[in-house]
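The values are calculated or read from the model by the stated rules, or taken from the named source; none is laboratory data. These figures come from a predicted structure and were not determined experimentally. FYI the Cβ positions are ideal-geometry reconstructions off the backbone, even for glycines, and counts take in every protein chain you see.
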């Protein structure tokens, strides 16, 4: 997460998926730069018991269709794992 | 919901089934792509992702069979399932030809999957509109 | 401008990521793609000199790294911050590489459509 946020350019979108969704919890909200847009895959969050009250409001929940939409809009997509 | 521009996608998977979520995430993502009327040209399996291509995968009855799911999706939608030959052979995933080449008594690459070089991953990144990676 | 950017973020030896990432760089070059390499995070450990992979019966990636110029791969960058966080300096590294700031690193990512992250 650190390396992803370090490398992102202003205006980029960041989607948290799989175990990455823990990065979308309120505990890490100080790390989120305010010049990026954040999304969290709700299927992965729900699977891990991360209900809305545990997630930071800065992350907009999306489903797989929303995931696809984000990739449609992006010039290039890079996965950080 | 129909997307405005149909695009040509490829997917790379680096995680093995059952030990890693990568392949399942990629399956969900692939189905969502098709629902939005995009085309998937190729799924490329690299690193431990090559384990997805084993014909001998035998999960308990109440769990999904990941290789079978890919086979079904691929045959229904004309998707190539390409497995990195170097990564696969090292890990004991062989097709009939490689089994002969290395004098092995059996082979285990599932039907619908093809062993090929890493060049196929490079090719996908050059020639597809998007290459989406599911890591491990 | 280079076409292909490969990011190395995992330490060597413990897993096969380093080897499989450099394999991809060489194949990319063989396919006529101008490749740029970026080492960041724990991936900077791949650059340390005096690695003796044979101590644990491995081949390591040193020989492949040394072969990079033969594949016309001469753009090798290392994240300055990753080095300093790990108490490393460029003179401890085995390879010619250019250490870069966050701004240049972001520009590097931005200028490539094909990015492979290992």
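So here's what we get for this one:
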quantity	calculated
Residue check, residue A:76 closer than 27 Å to residue B:10 by Cα, within 14 Å of chain B (Cβ to nearest Cβ) and modelled with pLDDT under 95	yes
Enumeration of residues in region B:69-90 that are surrounded by fewer than 20 Cβ atoms within 10 Å (Cβ to Cβ) and within 11 Å of the chain's Cα centre (by Cα)	B:69, B:71, B:73, B:74, B:80
Selection status of residue A:49, over 14 Å from the mean Cα position of the chain (by Cα), part of a loop (DSSP other than H, G, I, E, B) and more than 10 Å from chain B (Cβ to nearest Cβ)	yes
Residue that is nearest to the other protein chains (Cβ to nearest Cβ) [pool: residues in region B:93-113 that are closer than 28 Å to residue A:18 by Cα and free of Cβ contacts under 8 Å to residues at least 60 places away in the same chain]	B:93
All positions within region B:16-44 that are assigned to a strand (DSSP E or B) and touching a residue at least 40 places away in the same chain (Cβ under 8 Å)	B:41, B:42, B:44
Subset of region B:98-109 that is surrounded by fewer than 20 Cβ atoms within 10 Å (Cβ to Cβ) and touching a strand residue (DSSP E or B) at 6+ places or on another chain (Cβ under 8 Å) - its residue that is nearest to residue C:20 (Cα to Cα)	B:98
Where residue C:37 falls short, out of the listed (1) buried (at least 20 other Cβ atoms within 10 Å of the Cβ); (2) at pLDDT 95 or above; (3) assigned to a loop (DSSP other than H, G, I, E, B)	(3)
Complete set of residues in region A:2-43 that are in contact with a helix residue (DSSP H, G or I) (Cβ under 6 Å, 6 or more places away or on another chain) and within 11 Å of chain C (Cβ to nearest Cβ)	A:3, A:7, A:9
Total residues in region B:112-136, condition over 21 Å from residue B:77 (Cβ atoms) and assigned to a helix (DSSP H, G or I)	3
Those strands (runs of 3 or more DSSP E) lying entirely in region C:72-118 with at least 3 residues in contact with a strand residue (DSSP E or B) (Cβ under 9 Å, 6 or more places away or on another chain) and touching a residue at least 24 places away in the same chain (Cβ under 8 Å)	C:75-79, C:114-117
Subset of region B:52-81 (residues that are assigned to a helix (DSSP H, G or I), under 18 Å from residue B:107 (Cα atoms) and touching a strand residue (DSSP E or B) at 6+ places or on another chain (Cβ under 8 Å))	B:52, B:53, B:67, B:71
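Yes/no matrix, rows are residues, columns are (1) in contact with a strand residue (DSSP E or B) (Cβ under 9 Å, 6 or more places away or on another chain); (2) more than 23 Å from residue C:115 (Cα to Cα); (3) touching a residue at least 24 places away in the same chain (Cβ under 8 Å):
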| position | (1), (2), (3) |
| --- | --- |
| A:17 | yes, no, yes |
| A:26 | yes, yes, yes |
| A:43 | no, yes, no |
| A:47 | no, yes, no |
| A:50 | yes, yes, yes |
| A:55 | yes, yes, yes |
| A:58 | yes, yes, yes |
| A:63 | yes, yes, no |
| A:72 | yes, no, no |
